[in-house]
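A short write-up of the structure that comes next.
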Amino acid sequence: MRTFALFPLSGLLAFAFSLVSQAQSGSFQVAEHGHPVGTASFQFTAAPHGYDSTSLVRVAMQGLDYGLSKDEQLSSANQLQHVQLSAAVNGSAVTVVAAPDSAQILLNISANGKSSTARLDSHPGAVFLPDFDPGALETLLALAVTQNNRDLWAIIPKNTGSIEPVQLATYPDQQGTLDGKPIAVHHLVATIAGANTDLFSGPENQLLQAELAQQGFALVRNGFVLTPPAKPIAPAE
């Protein structure tokens with residue numbers, strides 16, 4: 001039976017506050033049904049206001065030509081301060097800017113020659129969550145620890161924008177290797193707007209793998225192998 005994850009605070013809580021106290025980065029392969037279709041990466045660096053975060057994503061496959069560049073500023077508690085996203089989806093340019101504004105989050109989206117502005121409810125445990133962004137999932141893992149897996153939210157920069165609750169459930173730990181060395185693997189499932197994402201993270205809460213089972217996509221950190229591997233994702237019928 002699934003239960004909500006309550007991580008031991010010793011060590012992990014301290015790690016959450018120092019998640020990006022020094023430069024941290026990760027590079028990932030994007031796969032669809034086990035076949036490589038792109039790459040994704042992120043980098044966190046310390047800054048006077050807290051942390052600067054950048055993400056880059058490139059996916060090229062039949063029916064989807066997708067590129068993303070995200071620059072984000074987070075507080076020392078990994079809370080959103082400002083984010084700017086530039087993307088191209090099948091040849092159409094998309095720009096998104098989001099930042100807290102009083103008790104709300106102001107979200108400006110420009111796509112297909114049209115612009116929209118949304119004011120969303122503000123939550124301290126909110127993460128800006130574009131498609132295929134490993135940096136956003138890394139931030140979600142950090143916020144899950146500081147928020148004790150409660151009151152987590154995802155800002156979805158699609159259409160006119162929305163904010164959705166995130167429910168996290170924990171499963172038994174697994175094993176894997178990172179750069180050929182054994183590593184303990186935590187397994188969480190995030191449910192966002194009815195869709196499940198399996199998240200596999202290391203002892204220091206770093207993202208190792210994400211499985212978007214309903215869409216058939218996966219993000220796998222370079223050098224990481226889950227043992228035994230996750231069940232193959234069957235193509236949708």
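General observations
- Remark on H123: its backbone amide H falls under 5 Å from none of the residues 5 or more positions apart or on other chains, H modelled at 1.01 Å from N.
- Remark: region 55-61, residue by residue, has Karplus-estimated 3J(HN,Hα) of 9, 10, 9, 9, 10, 9, 7 Hz, where x stands for each Gly or Pro and the curve is 6.51 cos²θ - 1.76 cosθ + 1.60 at θ = phi - 60°.
- Per the Cα gyration tensor, the chain maps to an equivalent ellipsoid with semi-axes of 26, 23, 17 Å, ordered largest to smallest.
- Nearest-0.05 FRET efficiency for S27 and K181, computed from C-beta distance (R0 22 Å): 0.80
- Electrostatic dipole magnitude of the chain [Cβ: Lys, Arg +1; Asp, Glu -1; Cα centre; debye, to 20]: 60 debye
- Region 159-199 - convex hull of alpha carbons, volume per residue in Å³: 91 Å³
- With each label modelled as a point 7 angstrom along the Cα→C-beta vector, the A88-S69 pair spans 1.0 nm.
- Volume in Å³ per residue [convex hull over Cα atoms, computed for region 55-157]: 93 Å³
- Remark on V166: its backbone amide H falls under 5 Å from those of L152, W153, A154, a criterion applied only to residues 5 or more positions apart or on other chains, H modelled at 1.01 Å from N.
Here, each number is a calculation from the coordinates, and none is a lab measurement. None of the values given here were measured: they were computed from a predicted structure. Note that each Cβ is placed from the backbone with ideal geometry, even for glycine, and that neighbours are counted across all protein chains shown.
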